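To start, the structure under review is shown below, and the notes come after it.
Values in this text are rule-based calculations from the coordinates and carry no lab data. The structure displayed is predicted, hence computed values, not measured ones. Cβ atoms come from the backbone with ideal geometry, glycine included; neighbour counts cover every protein chain shown.
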Amino acid sequence: MSADPIVETYSRRADEYAGAENQQSCWGLATRELWPSLDPRPSDRTIVDVGCGDGSALREVHRRAPGARLVGVEPAAGLRDIAAGRIGDIAGAGVTDARFEDLRLPAGSVDYLYSLMAFHWVSDPAAGAAEIGRVLAPDGRADLFFIGRFSGREFIKATTPIFLRHFGPARVFGAARLRCQLTREEAAKIFTDALPARRVTVREWFDTRYDTVAGHMAWWVRIEGQLLEFGGPARDDCEAEVRAAIGALETPAGVPYTLHLLHVRAEPRDAAR
Amino acid sequence: MTGPTDNLVAEALDWVRAHRVDRETMDTPVTAETDLLTVGVLDSLGFVQLMTFLAERTGRTVDLVDLDFDDLATVRSLCRLYTSKEGADVG
């Protein structure tokens, strides 16, 4: 798999991603709270987690479908290593170096595919959706939960002018292009077009989380800063301004960050509702 | 009599109003002089998409490397980039 800046960042920071600090961040908590919405079944033979990260969701899925062969897909080598260690004791389970656009799985081989907070990093959403359609079994199901177009408005509004002043439009707008930011309507069209034989439903919701400045900075600014690929004193100055701007958002409940979440569900047309 | 910049500004304003991302201030009117960044009407992706729209309407391109922070301030300042005799390349 060829390297890209997102994959490289996640691989380099894999230990922080899997660590307690990030797991307690709004991202970690929001992701974990999606686990009850997953739909693994004891009758499933092959279950795939695309963008499996540190593999923690795979262990939960194994608990609910202990007989299924589990496949974690993760392009970031550092996270792959952590995930492999986490599920190494599960018979038939493995983590592969693949991605949404190229899952490297046989056609029609997957009974249940899910993804948690990963599809917004896809490079080609139409290709990713088509690949999901290719690998799903005729009666296979998929659940994708990911970040939508309007996520993090509080932070974006407060910090975009700061990033632009320090790094200029070319760098900042270039970084924006690295992330797939879909509206609910765009997601519905992409997946309906890619999976015409299946019932596709897309829902969206907004979830405001509160944390301290340090809690938010522990993950958010690291990703944003890495996307800008800039270091040294200029970045330190920028980060100080960003920290102050985020601090200015503070309420009695903490600093808010509103997630815009999308859930794409694909299933056979005759599946019971 | 309206000039080429005024015509483009009118079209750009229609685009911005249809694609603005500031759910929290959606009722705030957007004019040619609205500070897009301070109000948060557009985010980075929104600016990229607006510039793509302006390039398609004018047949001209603007290199992001040549942009100043002030060029992004308002719809009018952005449109000037695409209608001025200097700066923009004919695509």
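I'd like the distance between the alpha-carbon centres of the range A:127-162 and the range B:1-39, rounded to an integer number of Å. A separation of 28 Å, based on Cα centres. Each label point was placed 7 Å from the Cα along the Cα-to-Cβ direction; for residue A:248 and residue B:31 their separation is 2.4 nm. Pop the C-beta distance of residue A:165 and residue B:52 into the FRET formula with R0 = 25 Å and round what comes out to the nearest 0.05. With a Förster radius of 25 Å, E is 0.60.
In whole angstrom, chain A maps to an equivalent ellipsoid with semi-axes of 33, 20, 18, each derived as √(5λ) from the alpha carbon gyration tensor and ordered largest first.
Normalised by the number of residues in the range B:4-90, what is the relative contact order in percent for Cα pairs under 8 Å and 6+ residues apart?
On the way: 90 pairs, mean separation 31.4, N = 87.
Value for the range B:4-90: 36 percent.
Treating each Cα of the range B:4-90 as an identical point scatterer and summing with the Debye formula, the log10 of I(q)/I(0) at q = 0.12, 0.22, 0.23 Å⁻¹ comes to -0.31, -1.06, -1.16. The value of relative contact order for the range A:8-70, using C-alpha pairs under 8 Å at least six residues apart, is 32 percent. Candidates B:30, B:59, B:69 compared by Cα position along the dipole of the range B:4-90: farthest toward the positive end lies B:59, with charges placed on Cβ. Our summary gives chain A a relative contact order of 20 percent, counting only alpha carbon pairs under 8 angstrom and 6 or more residues apart.
Between the beta carbons of residue A:201 and residue A:77, assuming R0 = 41 Å, the FRET efficiency works out to 0.75 to the nearest 0.05.
For GluC sites (Glu not before Pro), the sites in chain B that DSSP calls loop and that have at most 14 other Cβ atoms within 10 Å are B:33, B:86. Just to be sure I understand the rule: take each whole DSSP H helix in chain B, project its Cα atoms onto its long axis, keep it if the span is 15 Å or more and its mean Kyte-Doolittle hydropathy is at least -0.5. Which ones pass? Span-like helices here: B:4-19, B:44-58.
Here residue B:7 and residue B:71 are evaluated by their C-beta separation; at R0 = 22 Å the FRET efficiency comes out at 0.70. Neighbour counts of other Cβ atoms within 10 Å put A:134, A:63 in the fewest-to-most order A:63, A:134. Between the residues B:78, B:49, A:112, the greatest Cα displacement towards the positive end of the dipole of the protein assembly as shown, with unit charges on the Cβ of Lys, Arg, Asp and Glu, is found for A:112. Of the residues A:202, B:39, B:75, the one with the fewest other Cβ atoms within 10 Å heads the list, and the complete ranking is B:39, A:202, B:75. Once the piece of chain linking residue A:235 and residue A:127 is laid out straight, how much longer is it, given 0.36 nm per residue of separation minus the C-alpha distance between them? Between residue A:235 and residue A:127, full extension yields an extra 35.4 nm.
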